[in-house]
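Take a look at the structure set out below.
FYI, it's all coordinate maths here, none of it is from the lab. Computed from a predicted model, the values in this text were never measured in an experiment. Cβ coordinates were reconstructed from backbone atoms using ideal geometry, including for glycine residues, and neighbour counts include every protein chain displayed.
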Amino acid sequence: MLLTDDGAPDPGVRAAIAGAGAGDVTSYLRAIVALCGARLYLPFVDNREAGAHRPELAAAGLQLPTGDRCLLAFTGRDAVTAWNPAAWGQPATLDELAATVAETGATELVLDVAGPVPFSVGQDILAEVAAGRRLVALSDGGFGWAQVAVVADDFGSGASIG
């Protein structure tokens, strides 16, 4: 079976992010749980100088008034286009984005900066995700970090099991 990705956002992820707008911790953590299993997009923009022949792609970020830098990501291609019609979105997982935040020296990840609902993931959450952990909802209504296990397959490469 061939799976295709049309770039549409996951409605459950968007709903969780919208629900986190209320400002309570539980709704925010539910959004993080949804993001831990989501396909997101890391946007790239062409930073070539006028007259350059080859594109120079760079991951998009924003400089904050505090001097800190945030990396941008999006829940669907529609949100990438709403932010910058010329941007190109590379599918990514939250753990890949967390690693990119660390590599670029950014302090947070901002999702869907141009809407439908902007959402920020801070360094504390990103550090856990980059370390191979996923936030999970517990049966008692709480939340906890689960370590992603990596097992060798028959071909000697690793496969993650969440």
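Residue order for L126, L138, L64, fewest other beta carbons within 10 angstrom first, comes to L138, L64, L126. Along the stretch 10-24 the Karplus relation, 6.51 cos²θ - 1.76 cosθ + 1.60 evaluated at θ = phi - 60°, assigns HN-Hα couplings of 7, x, x, 5, 4, 5, 5, 5, 4, x, 6, x, 5, x, 8 Hz to successive residues, with x for each Gly and Pro.
For a paramagnetic label modelled at 7 Å from the Cα of D10 toward its Cβ, which residues of the stretch 122-147 fall within the zone defined by backbone nitrogen distances under 14 Å? Taking a point 7 Å out along Cα→Cβ of D10, the residues of the stretch 122-147 whose backbone N falls under 14 Å are 134-137. Taken one residue at a time, the phi angles of the stretch 120-136 give Karplus couplings (6.51, -1.76, 1.60, θ = phi - 60°) of 10, 10, x, 4, 4, 5, 4, 5, 5, 5, 5, 7, x, 10, 10, 6, 10 Hz. Gly and Pro are set to x.
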